[in-house]
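Contents: one structure, followed by commentary.
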Amino acid sequence: MSVQETLGVGALARILKEIGQGDAASVAELAARTDVSRTTSFEIVRRLQEAQLVRRDMDGGITAGPAATALGFAAFGIASLAGRAETLLAWLHERSDAFAELVVGQTSLIALGKPKPDVNLDAPVTDATGTERARLRLAWRPHTTQAERQRISADFERVRISLEQYLAE
Amino acid sequence: MGEYRNGIDGAIALLLALTRRNGEATLTELAAECGIARASLYRIVRILEDAGLVRRERGKLFVGPAGAAFASGSARRSKALVGGGHRLSESERLREKPEAGPVELSAPPAWRRNGRYRIGFSNASLSNPWRYALVHSVEFAAARLGRAVDRFTIRHADEDAAQQVADIDDFIAEGVDGLIVSAVVPDLVGPAVARAMAAGIAVVLVDRGVSDHVPRISFVCADDAGIGRLSALWLGERLMGQGSVLMLPGHSEAEPARKRLAAALAAFGNFPEIVMLPVEWTGWERERARDIVRDHLSRSTPISGVWCDSGLQGVGSLQAFNDFGTPRGEFPPHTGGDLNLAYKLAIRHHVQLAAVDYPAAMGFRAMQVLHAALQGQWVPSRVDVPLYVAITRGAATRSLKPDSWAEDRVRWDLPDDLVFHSGLGEGYNPRAFRVHYPGNSYNRSAARALQ
C-alpha cells in the first residue's frame with residue numbers, strides 16, 4: 001500500500017470517527033474538523049455513501065448510514081438487529097407509553113421514554129444457541145391498570161420474540 | 001472474495017466484512033474475504049485501530065469504541081421517523097384484539113435519495129365524506145413533511161379498478177419514489193402494486209389492502225373486524241338479546257365492509273334469539289339506506305335495532321325513521337358513526353347510538369410510514385390505527401365503553417359531513433380545508449367538491 005493510500009485510509013478513519021460522534025455535518029465542516037482536504041473529503045464521503053456507511057440528509061449534512069449502524073450493533077454481537085431493534089422498541093414504547101430499553105451488558109443501546117427507577121419487565125434476548133445477547137426492559141407509567149399491564153406484557157413478549165427471530169437470521 | 005482497488009476501498013471492505021461476521025473475525029478471514037494482501041490489511045487495521053474504529057484482541061479483530069458509537073446514535077436518528085407519536089389510551093389498548101407472535105417488519109426499499117421525494121396517492125374514490133377526510137388527512141401529512149416532498153400527486157379512480165391500474169402505471173412511469181394506494185378491488189389492483197414494488201417504488205396501502213401475497217412496504221388500516229364485532233355486541237346487549245336487527249353494511253366490494261359484516265354476524269351469534277333480517281348492502285350511501293328503511297317501515301317490518309358499519313349510511317336510516325314520523329325517543333338503537341350528522345340526528349331524536357369510528361387519520365399515518373421507509377427505516381408491515389368509540393349518554397353496555405359521549409363529540413358548529421378522527425385537529429372543517437404542498441395549486445385540496 002502506497003503512502004498516498006495510507007493517508008487516504010487515515011482520512012477515512014478520521015472522517016468516519018467524526019461522523020459517529022455527533023450530529024450531521026457538511027463535508028466542508030468534516031474536512032475542517034478532521035484536517036482533511038476538501039477534495040479528499042468529498043471523495044471519501046462519496047465512497048462511504050456508496051457503501052451506505054454514511055448518508056446525506058436533505059440539507060447536505062452527512063450522517064451515519066445503515067451500514068454504520070450495523071457496524072455499531074456488530075460491536076455488541078447483534079449486527080442483525082440493526083434497524084429492526086429501533087423500530088421494534090419504538091413500536092413498544094408508543095403502544096405502551098412506557099420506558100423501553102435494549103441493553104447489552106452494561107450498555108444501554110436503545111432507550112425510549114422517561115427512565116423510571118424500577119424496571120417492571122426484564123427479559124433476555126437469546127440467540128439460536130440459547131446464549132443471552134441482550135436484555136429487553138420496560139418500566140410502565142405509574143397508575144397503569146392491571147388490564148393494561150397484561151396488554152403491555154403481551155406486546156413486550158412480541159417484541160422480545162421478534163428480536164430473537166432476527167438474531168437467528 | 002472482494003475486489004480491492006485501493007486503501008480506501010480496502011478499509012471500507014474490511015469494515016463491511018467485519019459487520020457481516022457480527023463484529024469478530026481473524027485477520028486471515030478478513031484478508032481472504034476482502035481480497036487484500038496481508039501486509040496492506042495490517043496497515044489498514046493499524047490506522048483504523050488508531051481511530052478506534054476497530055480493535056485487536058487475542059489475534060482477532062473486533063469493532064472498536066468509535067465503531068460502537070454508531071449503535072447508540074441509531075435510536076436517536078430513527079425515533080423521529082418511526083411512529084406516529086400516538087400513545088394508545090387505556091380504552092384503545094384494551095379494545096384491540098390481542099395478538100401473539102412476532103411483530104412483522106418490512107425492510108426499507110433500496111435507497112434512492114435523501115429527502116425531496118416524489119410521492120403519489122392512488123385513491124379509490126371520493127364517493128362519500130369519509131373518503132374526503134382520508135384524502136385531506138394524507139394531504140395534511142404531505143404538507144407537514146415540508147421540503148422532504150418534491151412533488152405530491154393524487155389521482156382518484158372513481159371506484160373503477162381499471163382506472164386505478166392505469167393510474168398506478170402512470171405513477172410508475174413518472175418515476176415516483178413512493179406510492180400510497182387505497183385499492184378499489186384488491187384482486188384487480190394487486191398486480192399493479194406488485195409492478196410498482198418491482199420498479200423499486202415503496203408502496204404503502206391504506207384503508208383497503210390487496211391480497212396478502214402482493215408485496216408492499218406496509219398496510220395501514222384499522223380493525224374492521226373490531227368495528228363489526230364491538231358494534232354488534234353493543235346492539236345485542238342493548239336489545240337484551242331479543243328482537244330483530246336490520247343489517248345495513250357498506251359497499252359489497254369493499255374489503256373493510258365485508259370484514260365488518262362478517263365480524264358483526266359472528267358477534268350476533270351470541271344472541272341466538274335475535275332475528276337477523278336479510279343483509280342489504282348500501283354502498284355507504286345515505287339515500288340507499290333511507291330507501292331500504294323506508295320500504296321496511298312501509299311494510300311494517302318489526303325493527304328493534306339497526307346495524308350500520310358507518311354513519312355514512314346510518315344517517316339515511318335515521319332520516320327514514322324521522323320521515324315516517326317516529327316519535328323522538330322511539331327510534332330503534334343504531335350503530336354507525338364517523339359522520340357529524342349521525343351524531344346530530346341521534347342526539348336530536350334521542351336515539352341510542354354506538355359509533356365505532358373508522359379513523360380517517362390512517363391517511364396521515366400512511367404518509368408517515370411511507371416517509372420513514374423512504375428514509376431507510378424498517379417499518380411495521382401492518383399498522384393499525386386505533387378505533388374511536390362514542391356512545392350517546394347512558395347507552396354504554398358491558399362490552400362497549402365510550403372514549404367519549406356522543407353529546408360531547410358532536411360539533412354543532414361544523415358541517416354535517418365532517419368526519420371525525422381525521423388527525424386534522426379540532427378545527428378541521430372539510431368545507432374550508434386548504435393545504436399547501438408541492439404539486440397542488442392555490443392551496444386547494446385534491447378533494448374539494450364539498451367546498
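The values are calculated or read from the model by the stated rules, or taken from the named source; none is laboratory data. Given the structure is predicted, the values throughout are model-derived calculations rather than measurements. We place every Cβ from the backbone using ideal geometry, glycine too, and count neighbours over all the protein chains shown. Remember, those area values only see protein heavy atoms, side chains included, never the ligands or the DNA or RNA. Shrake-Rupley method; radii C 1.70, N 1.55, O 1.52, S 1.80 Å.
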Residue check for B:Ser304: on the phi > 0 side of the Ramachandran plot, open to solvent by 10 Å² or more (accessible area, probe 1.4 Å) and hydroxyl-bearing (Ser, Thr, Tyr): no
What's the number of the condition B:Asp207 fails, among (1) at negative phi; (2) crowded, with 22+ Cβ neighbours inside 10 Å; (3) within 16 Å of the chain's Cα centre (by Cα)? (1)
Output for the stretch B:183-204, where each listed residue is within 16 Å of the chain's Cα centre (by Cα) and at pLDDT 95 or above: B:Ala202, B:Val203, B:Val204
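Give the residues of the stretch A:116-169 that are under 17 Å from A:Ala74 (Cα atoms) and open to solvent by 50 Å² or more (accessible area, probe 1.4 Å), sorted by residue number.
So the first thing to find is which residues in the stretch A:116-169 are under 17 Å from A:Ala74 (Cα atoms), and the list is A:125-128, A:131-135, A:163-169.
The answer is A:Ala128, A:Thr131, A:Glu132, A:Arg133, A:Arg135, A:Gln165, A:Ala168, A:Glu169.
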Looking at the structure I just gave you, is A:Ile15 touching a residue at least 24 places away in the same chain (Cβ under 8 Å), part of a helix (DSSP H, G or I), under 20 Å from B:Leu15 (Cβ atoms) and facing chain B (nearest Cβ under 8 Å)? no
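Residues to consider are A:Glu101, A:Glu43; find the one that is among the acidic types (Asp, Glu) and in a strand (DSSP E or B).
Working: A:Glu43 fails: in a strand (DSSP E or B).
Exactly one residue qualifies, and that residue is A:Glu101.
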Sort out which residues of the stretch A:91-111 are open to solvent by less than 10 Å² (accessible area, probe 1.4 Å) and facing chain B (nearest Cβ under 8 Å), and write them in order of number. A:Ser96, A:Leu109, A:Ile110
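Any residue in the stretch A:116-131 that is among the polar types (S, T, N, Q), within 17 Å of the chain's Cα centre (by Cα) and at pLDDT 95 or above? First the steps, then the outcome.
First, pick out the residues of the stretch A:116-131 that are among the polar types (S, T, N, Q): A:120, A:126, A:129, A:131.
Still in the running and within 17 Å of the chain's Cα centre (by Cα): none.
No; the residues of the stretch A:116-131 include none that is among the polar types (S, T, N, Q), within 17 Å of the chain's Cα centre (by Cα) and at pLDDT 95 or above.
For the subset of the stretch B:333-349 comprising residues that are under 19 Å from B:Trp307 (Cβ atoms) and touching a Lys or Arg at 6+ places or on another chain (Cβ under 8 Å), which member is least open to solvent (accessible area, probe 1.4 Å)?
Narrowing the stretch B:333-349 to residues under 19 Å from B:Trp307 (Cβ atoms): B:333-339, B:341-343, B:345-346, B:349.
Next, from what is left, pick out any that are touching a Lys or Arg at 6+ places or on another chain (Cβ under 8 Å): B:333, B:343, B:349.
Working: B:Pro333: 16, B:Tyr343: 0, B:His349: 32 Å².
Filtering the stretch B:333-349 for residues that are under 19 Å from B:Trp307 (Cβ atoms) and touching a Lys or Arg at 6+ places or on another chain (Cβ under 8 Å), the one least open to solvent (accessible area, probe 1.4 Å) comes out as B:Tyr343.
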Looking only at the stretch B:373-409, how many residues end up being without any contact (Cβ under 8 Å) to a residue 24 or more places away in the chain and of a type in the set (Phe, Trp, Tyr)? 1
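Of these, B:Phe420, B:Phe433, B:Phe364, which one is under 21 Å from B:Ser125 (Cα atoms) and surrounded by fewer than 24 Cβ atoms within 10 Å (Cβ to Cβ)? Outline the logic, then answer.
On the way: B:Phe420 fails: surrounded by fewer than 24 Cβ atoms within 10 Å (Cβ to Cβ); B:Phe364 fails: surrounded by fewer than 24 Cβ atoms within 10 Å (Cβ to Cβ).
Exactly one residue qualifies, and that residue is B:Phe433.
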Any pair with Cβ under 7 angstrom, 6 or more apart, that starts in the stretch B:51-66 at a residue that is more than 7 Å from chain A (Cβ to nearest Cβ) and open to solvent by less than 10 Å² (accessible area, probe 1.4 Å) and ends at one that is among the charged types (D, E, K, R) and outside any helix (DSSP H, G or I): B:Gly64/B:Arg55
Any idea which of (1) polar (S, T, N, Q); (2) in contact with a Leu (Cβ under 7 Å, 6 or more places away or on another chain); (3) crowded, with 17+ Cβ neighbours inside 10 Å is the one B:Ser381 doesn't satisfy? (3)
Any idea which of B:Leu353, B:Leu414 is touching a residue at least 40 places away in the same chain (Cβ under 8 Å), farther than 25 Å from A:Ser96 by Cβ and open to solvent by less than 10 Å² (accessible area, probe 1.4 Å)? B:Leu353
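What strands (runs of 3 or more DSSP E), lying completely within the stretch B:8-76, carry at least 2 residues that are under 43 Å from the mean Cα position of the chain (by Cα)?
Numbers: elements: B:24-26, B:54-57, B:60-63.
In the stretch B:8-76, the matching strands (runs of 3 or more DSSP E) lie at B:60-63.
I'd like to know if the stretch A:139-150 contains one or more residues that are among the aliphatic types (A, V, I, L, M), within 11 Å of another protein chain (Cβ to nearest Cβ), out of contact with any Phe, Trp or Tyr (no Cβ under 8 Å at 6 or more places or on another chain) and farther than 26 Å from B:Ser91 by Cβ. Before you say what the answer is, go through the steps one by one.
In the first step, residues of the stretch A:139-150 are kept if they are among the aliphatic types (A, V, I, L, M); the result is A:139, A:147.
If we keep only those that are within 11 Å of another protein chain (Cβ to nearest Cβ) as well, we get A:147.
Going one step further and asking which of them are out of contact with any Phe, Trp or Tyr (no Cβ under 8 Å at 6 or more places or on another chain), we end up with A:147.
From what's left, farther than 26 Å from B:Ser91 by Cβ: none.
Taking every residue of the stretch A:139-150 in turn, none turns out to be among the aliphatic types (A, V, I, L, M), within 11 Å of another protein chain (Cβ to nearest Cβ), out of contact with any Phe, Trp or Tyr (no Cβ under 8 Å at 6 or more places or on another chain) and farther than 26 Å from B:Ser91 by Cβ.
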Do the conditions hold for A:Ala74, that is, is it buried (at least 22 other Cβ atoms within 10 Å of the Cβ) and either in contact with a strand residue (DSSP E or B) (Cβ under 9 Å, 6 or more places away or on another chain) or among the aromatic types (Phe, Trp, Tyr) (or both)? yes
Out of all the residues in the stretch B:398-416, which are at pLDDT 95 or above and not small (Gly, Ala, Ser)? B:Trp405, B:Glu407, B:Asp408, B:Arg409, B:Val410, B:Arg411, B:Trp412, B:Asp413, B:Leu414, B:Pro415, B:Asp416
Note on B:Glu330: of the conditions (1) open to solvent by 30 Å² or more (accessible area, probe 1.4 Å); (2) in contact (Cβ under 8 Å) with a residue 24 or more places away in the chain, unmet is (2)
Got at least one residue in the stretch B:115-131 being outside any loop (DSSP other than H, G, I, E, B), open to solvent by less than 20 Å² (accessible area, probe 1.4 Å) and within 14 Å of chain A (Cβ to nearest Cβ)? yes
Of (1) at pLDDT 95 or above; (2) among the hydrophobic types (A, V, I, L, M, F, W, C); (3) surrounded by fewer than 23 Cβ atoms within 10 Å (Cβ to Cβ), B:Ala148 satisfies all except one. Which? (1)
Within the stretch B:32-50, how many residues are under 25 Å from A:Phe76 (Cβ atoms), within 12 Å of chain A (Cβ to nearest Cβ) and either among the small types (Gly, Ala, Ser) or open to solvent by less than 70 Å² (accessible area, probe 1.4 Å) (or both)? 6
Scan (1) closer than 30 Å to B:His371 by Cβ; (2) modelled with pLDDT of 95 or more; (3) surrounded by fewer than 18 Cβ atoms within 10 Å (Cβ to Cβ) for the single condition B:Asp212 breaks and write down its number. (2)
Taking the stretch A:26-65, which residues are over 19 Å from B:Gly7 (Cβ atoms) and touching a residue at least 24 places away in the same chain (Cβ under 8 Å)? A:Ser26, A:Val27, A:Asp57, A:Asp59, A:Gly60, A:Gly61, A:Ile62, A:Thr63, A:Ala64
May I ask you to list the residues in the stretch A:36-90 that are charged (D, E, K, R) and more than 7 Å from every other protein chain (Cβ to nearest Cβ)? A:Arg38, A:Glu43, A:Arg46, A:Glu50, A:Asp59
How many residues of the stretch B:282-295 are touching a Leu at 6+ places or on another chain (Cβ under 8 Å) and buried (at least 19 other Cβ atoms within 10 Å of the Cβ)? The answer is 6
